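Working notes, structure below.
The values are calculated or read from the model by the stated rules, or taken from the named source; none is laboratory data. Computed from a predicted structure; not experimentally measured. Here the Cβ is made from the backbone with ideal geometry for all residues, glycine too, and neighbour counts use every protein chain on show.
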Amino acid sequence: MRRSIGEFEVKDVDLAGRIGKLYTPHGVLETPALLPVIDIERQELSINEIKEVGFNAIITNAYLIMKRYGRDARKVHELMNFDGIIMTDSGAYQLLRYGVIDATNREIVEFEKKIDSDIAVILDVPSGSAYDKKQAEWSVQETLRRAEEAINYIDPEKRVWTLPVQGGPYVDLVENSAKMSAKFANYYALYALGSPTILLEKYRYSELLQLIIAARKHLPRSKPLHLFGAGHPMIIPFAVALGVDMFDSASYILYARDNRYMTLTHTYRLEDLDYLPCSCPICTKYTPQEMLEMPAPERTKLLAKHNLYVLKQAINEVKVAIREGRLWELLVEKSHAHPSLHDALKVVLDNIEHLVRYSPHVKGIETHGIFIFGHVDHKHPKVVEHLRRLFNNYRPRKCTRLVLVPVDPNTKPFIASNMYKLAKRRYRGAHFVGYVPALSLVPEELAETYPLSQFEISREVSEKLIEETVKAIKNYVSRFHGNCYNEVIILYSEEIEWSKTIADKLGKELGVRVEKIS
């Protein structure tokens, strides 16, 4: 089936992240995607070498091309000798940096049409990250004015047009900008969030994620979202989880010029490394010492290529996580790499109810079990969805007695365990509900459903996770006690350490019977 330019086709989802296809004049861009920034006047790494790493889309600056080559510049693909997808920024970065540029919104738009960009950006006014709210508010209104004005001369049937959302570090301004920008969805196939550079440089990831949430909540889900200037692998999984589909960055070359070496979770100075912790073609061929002894241009080129391999790996890692339904686990893993990422995870936790709305409960035939490591996993999207369904849709059968039985983590489904069978013999006619940290409640009639029979849990359970589990069980008992049950019995096993702690807490707080089972 022939696809229209600018159409966005979603292929897979997890949390608010998705794998998608954006249709452009020069092919399909699979998202999540990162577009390396290219400056054709100063490019140590050739475009062909960038393509060899696996990037079929790049971004360059239309304003700089216009200033250097004149308004009659050749087509951008010919100029850059690149047959892939080319996105052109409008010169807004120069506007942010210098305060003024020698071009109008219409001139930039007409020039991008002339050089035949695949993805083009109107001349927006970046808010930046400076704490001047009046200036930021003006930039929102002026960008919206220009977006509406540009409707008269953009050509959305021929290329993907981008509308940047502004507001700087102010969540309320970003929300307002996104709400107003959403009204132009018939004309702009791509939205972008601008000016995160200072927040990224200072590792203020949690603030950036709050801005992403503010924008994404009010923009059409049918449209992809680009995050300008976000090019460190550390932030990519978190931004994707909150709904970012595209990135661009010059970090790969800027870091290389400064002898900075990227990994998925850190940045090192080459001088500080005795070994290269990577197996890309660059790192398997050279040692840090050999690279330091090279002439600077050659070293920069090799470091830049390595950095691109790492960025590509970060994108692919996220795609694998989305496909497997493990994006949450990836975020938890990454959150231990740096304190700023730990703070970033808190933003995800605060918005998990919103994100679960977009995350499928079950993914295909080969659904992967969930992993429970610590207290944050009471917010695991599959756990949140399970408890939401349990309390909103499930009604237990009426029965005189409720018996809570610890779930043996080594025996799944729960109804196959010896403890369940022993409890069934001891308390005939009762309703049996298993309990386990995080998932909290496993009614016997649901024991074989996902994820109640497909999970792995750490043997050591934190006090915080126990508290959250006790809270969920109390909620269940208080909701159905009296209507469905007249008596509650809580069983525990000395073989399952956390079961006695949970049973004792529930027995004390609910005033019900606690018994040992073996």
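Of these, Leu387, Leu404, which one is assigned to a strand (DSSP E or B) and either outside the structural domain of Leu209 (by TED's automatic domain parsing) or at positive phi (or both)?
On inspection, the qualifying residue turns out to be Leu404.
Show the residue pairs meeting these rules: Cβ distance below 7 Å; 6+ apart or different chains; first residue within region 369-382 and farther than 13 Å from Ser458 by Cβ; second residue polar (S, T, N, Q) and modelled with pLDDT of 90 or more.
Within 7 Å, the pairs are Gly369/Gln454.
One residue is enough: does region 462-480 have a residue meeting the conditions exposed (fewer than 15 other Cβ atoms within 10 Å of the Cβ), more than 35 Å from the chain's Cα centre (by Cα), without any contact (Cβ under 8 Å) to a residue 60 or more places away in the chain and more than 13 Å from Val405 (Cα to Cα)?
Yes, because at least one residue in region 462-480 is exposed (fewer than 15 other Cβ atoms within 10 Å of the Cβ), more than 35 Å from the chain's Cα centre (by Cα), without any contact (Cβ under 8 Å) to a residue 60 or more places away in the chain and more than 13 Å from Val405 (Cα to Cα).
Tell me, please, whether a residue that is under 14 Å from the mean Cα position of the chain (by Cα) and either assigned by TED's automatic domain parsing to the domain that holds His26 or surrounded by 24 or more Cβ atoms within 10 Å (Cβ to Cβ) (or both) can be found in region 191-203. Steps first, answer last, please.
Of the residues in region 191-203, the ones under 14 Å from the mean Cα position of the chain (by Cα) are none.
No, that holds for no residue.
Given the condition buried (at least 19 other Cβ atoms within 10 Å of the Cβ), of a type in the set (Val, Ile, Thr), within 18 Å of the chain's Cα centre (by Cα) and assigned by TED's automatic domain parsing to the domain that holds Thr267, answer yes or no: does some residue in region 376-383 qualify? So that I can check it myself, show each step before the final result.
Step one: list which residues in region 376-383 are buried (at least 19 other Cβ atoms within 10 Å of the Cβ), which gives 376-383.
Still in the running and of a type in the set (Val, Ile, Thr): 376, 383.
Remaining after also requiring within 18 Å of the chain's Cα centre (by Cα): 376.
From the residues that got through so far, the ones that are assigned by TED's automatic domain parsing to the domain that holds Thr267 too are none.
Within region 376-383 (the criterion being buried (at least 19 other Cβ atoms within 10 Å of the Cβ), of a type in the set (Val, Ile, Thr), within 18 Å of the chain's Cα centre (by Cα) and assigned by TED's automatic domain parsing to the domain that holds Thr267), the answer is no, since none of the residues qualifies.
Could you identify the single residue in Ala337, Ala314, Ala321, Ala344 that is modelled with pLDDT under 95 and either outside any helix (DSSP H, G or I) or in the same structural domain as Ser251 (by TED's automatic domain parsing) (or both)?
Ala337
Kindly indicate the residue of region 101-149 that is in contact with a Pro (Cβ under 8 Å, 6 or more places away or on another chain) and under 29 Å from Lys75 (Cα atoms) and also modelled with the lowest pLDDT among those meeting that condition.
Pro126
Do we find that Glu41 is on the phi < 0 side of the Ramachandran plot and at pLDDT below 90 in this structure? Talk me through it step by step, then tell me what you get.
Details: on the phi < 0 side of the Ramachandran plot: yes; at pLDDT below 90: yes.
Answer is yes for this residue.
Could you list, ordered by first residue, the pairs with Cβ atoms under 8 Å in which the first is in region 413-427 and in contact (Cβ under 8 Å) with a residue 60 or more places away in the chain and the second is among the aromatic types (Phe, Trp, Tyr), at least 6 apart or interchain?
Every condition considered, the pairs that remain are Ala423/Phe432.
Looking only at region 242-258, which residues are farther than 28 Å from Arg18 by Cα and either surrounded by fewer than 19 Cβ atoms within 10 Å (Cβ to Cβ) or in contact (Cβ under 8 Å) with a residue 60 or more places away in the chain (or both)?
Correct list: Leu254, Ala256, Arg257, Asp258.
Under 6 Å between Cβ atoms, at least 6 apart or on separate chains: pull out the pairs that start in region 1-25 with a residue that is in contact (Cβ under 8 Å) with a residue 24 or more places away in the chain and more than 20 Å from Val356 (Cβ to Cβ) and end on any residue that is outside any strand (DSSP E or B) and small (Gly, Ala, Ser).
Listed by first residue and then by second, the contacts come to Gly6/Ala189.
For region 481-501, name all the residues that are touching a Ser or Thr at 6+ places or on another chain (Cβ under 6 Å) and part of a helix (DSSP H, G or I).
Of everything in region 481-501, just one residue is touching a Ser or Thr at 6+ places or on another chain (Cβ under 6 Å) and part of a helix (DSSP H, G or I), namely Ser499.
Is it true that some residue in region 59-74 is more than 17 Å from Leu123 (Cβ to Cβ), without any contact (Cβ under 8 Å) to a residue 40 or more places away in the chain and buried (at least 18 other Cβ atoms within 10 Å of the Cβ)?
Checked region 59-74: no residue is more than 17 Å from Leu123 (Cβ to Cβ), without any contact (Cβ under 8 Å) to a residue 40 or more places away in the chain and buried (at least 18 other Cβ atoms within 10 Å of the Cβ).
I need a count of the residues in region 34-57 that are assigned to a strand (DSSP E or B) and either out of contact with any helix residue (DSSP H, G or I) (no Cβ under 9 Å at 6 or more places or on another chain) or surrounded by fewer than 21 Cβ atoms within 10 Å (Cβ to Cβ) (or both).
Number satisfying all stated conditions: 2.
Would you check if Arg97 is more than 22 Å from Leu163 (Cβ to Cβ), of a type outside the set (Gly, Ala, Ser) and at pLDDT below 90?
no
Could we say that Ala438 is touching a residue at least 60 places away in the same chain (Cβ under 8 Å) and among the hydrophobic types (A, V, I, L, M, F, W, C) here?
yes
If I ask for residues that are surrounded by fewer than 14 Cβ atoms within 10 Å (Cβ to Cβ) and under 42 Å from the mean Cα position of the chain (by Cα), which ones from region 505-518 would you list?
Correct list: Lys508, Glu509.
Within region 216-264, can you find the residues that are of a type in the set (D, E, K, R) and under 27 Å from Val13 (Cβ atoms)?
Within region 216-264, Arg216, Lys217, Arg221, Lys223, Asp245, Asp248 qualify.
Might you check whether a residue that is closer than 10 Å to Val165 by Cβ, surrounded by fewer than 20 Cβ atoms within 10 Å (Cβ to Cβ) and either modelled with pLDDT of 95 or more or more than 12 Å from the chain's Cα centre (by Cα) (or both) occurs anywhere in region 212-226?
Yes, some residue in region 212-226 is closer than 10 Å to Val165 by Cβ, surrounded by fewer than 20 Cβ atoms within 10 Å (Cβ to Cβ) and either modelled with pLDDT of 95 or more or more than 12 Å from the chain's Cα centre (by Cα) (or both).
Residue by residue, here is whether (1) touching a Ser or Thr at 6+ places or on another chain (Cβ under 9 Å); (2) on the phi > 0 side of the Ramachandran plot; (3) assigned to a helix (DSSP H, G or I) holds:
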{"residue": "Lys424", "(1), (2), (3)": "no, no, yes"}
{"residue": "Phe432", "(1), (2), (3)": "no, no, no"}
{"residue": "Ala438", "(1), (2), (3)": "yes, yes, no"}
{"residue": "Tyr450", "(1), (2), (3)": "yes, no, no"}
{"residue": "Glu456", "(1), (2), (3)": "no, no, no"}
{"residue": "Glu467", "(1), (2), (3)": "no, no, yes"}
{"residue": "Ile473", "(1), (2), (3)": "yes, no, yes"}
{"residue": "Arg479", "(1), (2), (3)": "no, no, yes"}
